[in-house]
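Quick notes on the structure that follows.
The values are calculated or read from the model by the stated rules, or taken from the named source; none is laboratory data. Predicted model only: the values in this text are computed from it and were never measured. Cβ placement follows ideal geometry from the backbone for every residue including glycine, while neighbour counts extend to all protein chains displayed.
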Amino acid sequence: MLSESEDTAFERAQAGVLAGRLQERRRFLQVVAGPRQVGKTTLVQQVLARGDAPHLYASADEPESHGQAWLETNWERSRLLAKEAGKSGAVLALDEIQKLPQWSETVKRLWDEDTRRRIPLRVVLLGSAPLLLQRGLSESLAGRFEILHLPHWSWTEMKSAFGFSLDQYLFFGGYPGGAALIAEHGRWRSYILDSLVETTVSRDILLLTRVDKPALLRRLFELGCRYSGQILSYTKMLGQLHDAGNTTTLAHYLELLTASGMLTGLQKFSGSVVRSRASIPKLQVLNTAFMSSQAGLTMPEAHADRDHWGRLTESAIGAHLANAALAGECELTYWREGDAEVDFVLKRGRTVVAIEVKSGRASLAHSGLARFREEFRPKLTLLVGGDGIPVGEFLARPVNEWLQA
């Protein structure tokens with residue numbers, strides 16, 4: 001993480017949430033989850049440094065970590081800090097926890113010991129492999145943890161930390177680590193492809209989860225970047241990918257890419273949850289940096305291509321909404337009947353908000369807002385871009401505000 005982003009990282013809303021949770025008397029393991037390079041480690045270290053409680057930070061990425069003995073040693077050191085601090089207790093932060101074998105079983109045993117002995121030790125777990133981290137939590141630590149989700153950086157955060165213009169955010173996306181490289185397109189593109197995309201695929205997915213066709217998973221991600229914002233059936237995807245796989249495999253790989261913070265498939269909105277989950281997905285990148293790095297165009301070239309820039313704009317709005325949905329703020333779907341389409345549908349409880357994006361590119365579908373209003377009676381219908389809400393204004397507002405309007 002770049003030093004320029006430190007204050008902005010701490011000012012993220014999640015920092016305040018974590019700080020508040022660590023001061024509460026009730027005890028839950030705090031799990032900080034999110035994609036690679038979004039500031040998880042920086043945020044936790046800043047919260048610890050600015051808090052009053054004694055703390056210990058340790059990373060399983062360090063050369064001296066050797067599994068269970070390393071974990072138990074650091075836990076015991078933190079217990080001593082907690083006992084010395086009295087009722088206020090201490091905090092232990094364990095980074096890259098998923099790299100330790102049987103980590104969840106050991107954490108469960110130590111955590112339960114502290115609960116029985118009433119040791120005031122609060123624990124924060126971090127990991128760069130969300131798939132393996134989630135598996136360990138659900139298998140061994142059910143009922144003992146809370147998750148704090150850190151999404152990709154928003155335009156407001158990139159503008160505040162690095163002075164990004166709206167166009168720069170649409171093209172370069174929300175990766176703070178790449179901000180210093182945007183003046184050198186080749187270096188920036190290599191950073192995204194090598195340090196983020198390939199590392200996520202090879203270390204967070206292929207090494208930790210069974211994937212029988214890794215080449216298919218990689219090509220699916222590339223296809224998702226190329227067709228972000230478009231509705232594409234799994235059968236058509238297989239045709240594009242020229243692979244002998246099946247739609248079940250493809251759907252599973254899309255779920256893996258979603259869990260890793262790269263690409264998701266939005267489902268169709270309907271009155272039936274079952275029908276929604278079985279629908280044709282609308283591909284959506286979770287950071288437009290993926291689209292720009294895969295396309296290979298420079299920013300001026302991308303801006304000159306009206307259709308491509310329109311897809312970037314739509315995908316930036318979709319990513320803004322999708323990251324909020326992955327953080328649990330709402331459900332996000334699309335709607336289409338015949339040639340009538342609504343780009344995005346937000347839902348929380350009984351509140352429904354329909355959103356249409358006017359990006360300037362030619363669309364194969366007609367606006368379906370009027371028809372959607374008649375059939376589902378949403379609380380709000382929003383037009384973003386064109387004569388509607390300016391794109392920058394929409395991206396600057398938290399998604400939660402539209403659900404409360």
Of the residues Gly186, Gly143, Gly173, which single one is touching a His at 6+ places or on another chain (Cβ under 9 Å), farther than 27 Å from Glu62 by Cα and not charged (D, E, K, R)? Gly173
Residue satisfying all of: in region 265-289; modelled with pLDDT under 90 and in a helix (DSSP H, G or I); surrounded by the most Cβ atoms within 10 Å (Cβ to Cβ) among these: Ser276
Of the criteria (1) touching a residue at least 12 places away in the same chain (Cβ under 8 Å); (2) in a helix (DSSP H, G or I), which one Pro151 fails: (2)
Test each condition in (1) within 26 Å of the chain's Cα centre (by Cα); (2) at negative phi for Pro378 and report the one that comes out false. (1)
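Of all residues in region 131-164, how many are closer than 30 Å to Lys108 by Cβ and of a type in the set (A, V, I, L, M, F, W, C)? Working first, answer last.
So the first thing to find is which residues in region 131-164 are closer than 30 Å to Lys108 by Cβ, and the list is 131-151.
Still in the running and of a type in the set (A, V, I, L, M, F, W, C): 131-133, 137, 141-142, 145, 147-148, 150.
Summing the residues that are closer than 30 Å to Lys108 by Cβ and of a type in the set (A, V, I, L, M, F, W, C) in region 131-164 gives 10.
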Anything in region 42-68 that is more than 13 Å from Asp95 (Cα to Cα), assigned to a helix (DSSP H, G or I) and of a type outside the set (A, V, I, L, M)? List them, or say none. Gln46, Arg50, Gln68
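Quick grid of which residues meet (1) in contact (Cβ under 8 Å) with a residue 40 or more places away in the chain; (2) buried (at least 23 other Cβ atoms within 10 Å of the Cβ):
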| site | (1), (2) |
| --- | --- |
| Val91 | yes, yes |
| Ile97 | no, yes |
| Ser104 | no, no |
| Lys108 | no, no |
For Glu146, only one of the following conditions fails: (1) within 23 Å of Arg311 (Cβ to Cβ); (2) not in a helix (DSSP H, G or I). What is its number? (1)
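Working carefully through the options Glu301, Glu314, find the one that is surrounded by 24 or more Cβ atoms within 10 Å (Cβ to Cβ), among the charged types (D, E, K, R), at pLDDT 95 or above and not in a loop (DSSP other than H, G, I, E, B). Steps first, answer last, please.
Details: Glu301 fails: surrounded by 24 or more Cβ atoms within 10 Å (Cβ to Cβ).
So the residue among Glu301, Glu314 that is surrounded by 24 or more Cβ atoms within 10 Å (Cβ to Cβ), among the charged types (D, E, K, R), at pLDDT 95 or above and not in a loop (DSSP other than H, G, I, E, B) is Glu314.
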Might you let me know whether region 69-81 holds any residue that is of a type in the set (A, V, I, L, M) and in a loop (DSSP other than H, G, I, E, B)? no
May I ask you to list the residues in region 21-41 that are at pLDDT 90 or above, more than 19 Å from Asp114 (Cβ to Cβ) and outside any loop (DSSP other than H, G, I, E, B)? Val32, Lys40, Thr41
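Could you check, for region 26-42, whether at least one of its residues is free of Cβ contacts under 8 Å to residues at least 60 places away in the same chain and under 24 Å from Leu196 (Cα atoms)?
Keep residues of region 26-42 that are free of Cβ contacts under 8 Å to residues at least 60 places away in the same chain, which gives 26, 42.
Filter again for under 24 Å from Leu196 (Cα atoms), leaving 42.
For region 26-42, residues free of Cβ contacts under 8 Å to residues at least 60 places away in the same chain and under 24 Å from Leu196 (Cα atoms): present.
I'd like to check something: does region 126-135 contain any residue that is of a type in the set (A, V, I, L, M, F, W, C) and touching a strand residue (DSSP E or B) at 6+ places or on another chain (Cβ under 9 Å)?
Step one: filter region 126-135 for residues of a type in the set (A, V, I, L, M, F, W, C), giving 126, 129, 131-133.
Then drop every residue that is not touching a strand residue (DSSP E or B) at 6+ places or on another chain (Cβ under 9 Å), which leaves 126, 133.
Yes: one or more hits.
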Among the residues of region 111-131, how many are in a helix (DSSP H, G or I), touching a helix residue (DSSP H, G or I) at 6+ places or on another chain (Cβ under 6 Å) and surrounded by fewer than 21 Cβ atoms within 10 Å (Cβ to Cβ)? 1
Just wondering, is there one or more residues in region 91-98 that are of a type in the set (A, V, I, L, M, F, W, C), in contact with an Asp or Glu (Cβ under 6 Å, 6 or more places away or on another chain), not assigned by TED's automatic domain parsing to the domain that holds Pro176 and not in a strand (DSSP E or B)? no
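Would you call Ser233 touching a residue at least 24 places away in the same chain (Cβ under 8 Å) and more than 30 Å from Glu184 (Cα to Cα)?
Details: touching a residue at least 24 places away in the same chain (Cβ under 8 Å): yes; more than 30 Å from Glu184 (Cα to Cα): yes.
Yes.
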Looking at Phe171, is it modelled with pLDDT of 95 or more, in contact with a Ser or Thr (Cβ under 6 Å, 6 or more places away or on another chain) and assigned by TED's automatic domain parsing to the domain that holds Glu255? yes
Name, by its number, the condition in (1) surrounded by fewer than 19 Cβ atoms within 10 Å (Cβ to Cβ); (2) not assigned by TED's automatic domain parsing to the domain that holds Leu43 that does not hold for Ala161. (1)
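Kindly indicate whether any position in region 62-75 is in contact with an Asp or Glu (Cβ under 8 Å, 6 or more places away or on another chain), surrounded by 20 or more Cβ atoms within 10 Å (Cβ to Cβ) and at negative phi.
Within region 62-75, the subset in contact with an Asp or Glu (Cβ under 8 Å, 6 or more places away or on another chain) is 70.
With the extra rule that they be surrounded by 20 or more Cβ atoms within 10 Å (Cβ to Cβ), the set shrinks to none.
Checked against the condition, which is being in contact with an Asp or Glu (Cβ under 8 Å, 6 or more places away or on another chain), surrounded by 20 or more Cβ atoms within 10 Å (Cβ to Cβ) and at negative phi, region 62-75 yields no hits at all.
Quick check on Lys87: is it under 30 Å from the mean Cα position of the chain (by Cα), surrounded by fewer than 20 Cβ atoms within 10 Å (Cβ to Cβ), modelled with pLDDT of 85 or more and part of a helix (DSSP H, G or I)?
no
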